[in-house]
Amino acid sequence: MMSNRTLIAGNWKMNGDRAALAELGRIVAAQPNLSARCDLLICPPAILLSEAVTIAGSSVAIGGQDCHADPSGAHTGDIAAEMLADIGVTHVLVGHSERRADHGESDAVVRAKALAAWRAGLVAIVCIGETEDERSAGQTLDILGRQLAGSLPDGVTAASTVVAYEPVWAIGTGKTATVADVEEAHAFIRTTLTARFGAAIGCAVRILYGGSVKPSNAAELLGVRNVDGALVGGASLKADDFIAICQNAPQ
Ligand code: PEP
């Protein structure tokens, strides 16, 4: 089976100011040397998106960290997917575990946001993952199955959708899932996608692993079967670390 092209995505979360965009400039400068290995995506805070799009040009994709489900309206503080698309953003994270926890986003809300992303022509990166308690209780695959069923709209294609598996207990903690855990979760996600959307689409949708990915563990994690890339939080804030992760993508 042909493997999917690797995507390395950086999620800056609520970090970074205008000066931090110099890190993006360094990633842009490194991109020609990385393009044989992977696609690059950086998701900075919303207030930096416009400037980030200008700096990134066509070499690094720029993504939002969230969008509202509606195209416009009385939703103070929110940003519509159409607004992201309007400034040249091409991707958006939906259902990140911090949004699910901090803002009580349910699978239904995440699904509506994914549909909004598609409506605006954006790629939706749909995030799923179990908590530590759920893993300890042996519920990991049940939770992933429920989140996939609830968060992914009908009509997924490989061009419109990326799935990010991020065990909540591994995000920002320095703990990473074992290769066996990652392999099991990604195989389950692949099987679930294939069962629902057919083999061609199910195999072509990229599945990213996220949770304390860093230069020292990137090669191992990116080498796991059905891992088509990484969603990187902390280690995406420094260009050197992000570039080193990309250099570990299988060629
Ligand atoms: C994330 O923000 O999605 C993430 C995985 O963070 P970290 O790499 O810091 O664990």
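Coordinate-derived values only; no laboratory data. Predicted, not measured: the structure shown is a model, and the values here were computed from it. Cβ atoms come from the backbone with ideal geometry, glycine included; neighbour counts cover every protein chain shown.
Write down the percent of antiparallel bridges among all DSSP beta bridges whose residues are both part of the stretch 64-234, to the nearest 5. It would help to have the intermediate numbers written out before the result.
Values: 0 of 17 bridges.
Percent antiparallel among DSSP bridges in the stretch 64-234 is about 0.
What is the extension gain from residue 58 to residue 196, computed as 0.36 nm multiplied by their sequence separation minus the C-alpha to C-alpha distance, in nm to one decimal? Show your work: numbers first, answer last.
Working: separation 138, 0.36 × 138 = 49.68 nm, distance 3.32 nm.
So the chain would gain 46.4 nm between residue 58 and residue 196.
Across all directions, the shadow cast by the convex hull of the stretch 123-195 built on its C-alpha atoms averages 5.1 square nanometres. Applying a DSSP loop filter and a limit of 13 other Cβ atoms within 10 Å to the trypsin sites (Lys or Arg not before Pro) in the stretch 80-160 leaves nothing. Within the same chain, lysines fewer than 8 places from residue 113 are excluded, and of the rest, those with a Cα less than 28 Å from its Cα are 13. Residues 154, 181, 142, ranked from the fewest to the most other C-beta atoms within 10 Å, line up as 154, 142, 181.
For the stretch 1-42, backbone nitrogen atoms closer than 12 Å to the point 7 Å from residue 51 Cα along Cα-to-C-beta are found at 16-25.
Using the C-alpha atoms of the chain, what convex hull volume per residue, in cubic angstrom, is computed?
Working: hull volume 28.5 nm³, N = 251.
Looking at the chain, the number lands at 113 Å³ per residue.
Between residue 180 and residue 149, the simple label model (points 7 Å from Cα in the Cβ direction) yields a spacing of 2.8 nm.
Placing pseudo-labels 7 Å out from each Cα toward the beta carbon at residue 102 and residue 33 gives an inter-label distance of 3.4 nm. When the stretch 64-234 is described by a simple charge dipole with +1 on each Lys and Arg Cβ and -1 on each Asp and Glu Cβ, the residue from 144, 115, 202 located farthest towards its positive end is 202. Contact order for the chain, expressed relative to its length and based on alpha carbon pairs under 8 Å spaced 6+ residues apart, stands at 21 percent. Using C-alpha pairs under 8 Å with a sequence gap of at least 6, the mean separation divided by the residue count of the stretch 210-251 gives a relative contact order of 51 percent.
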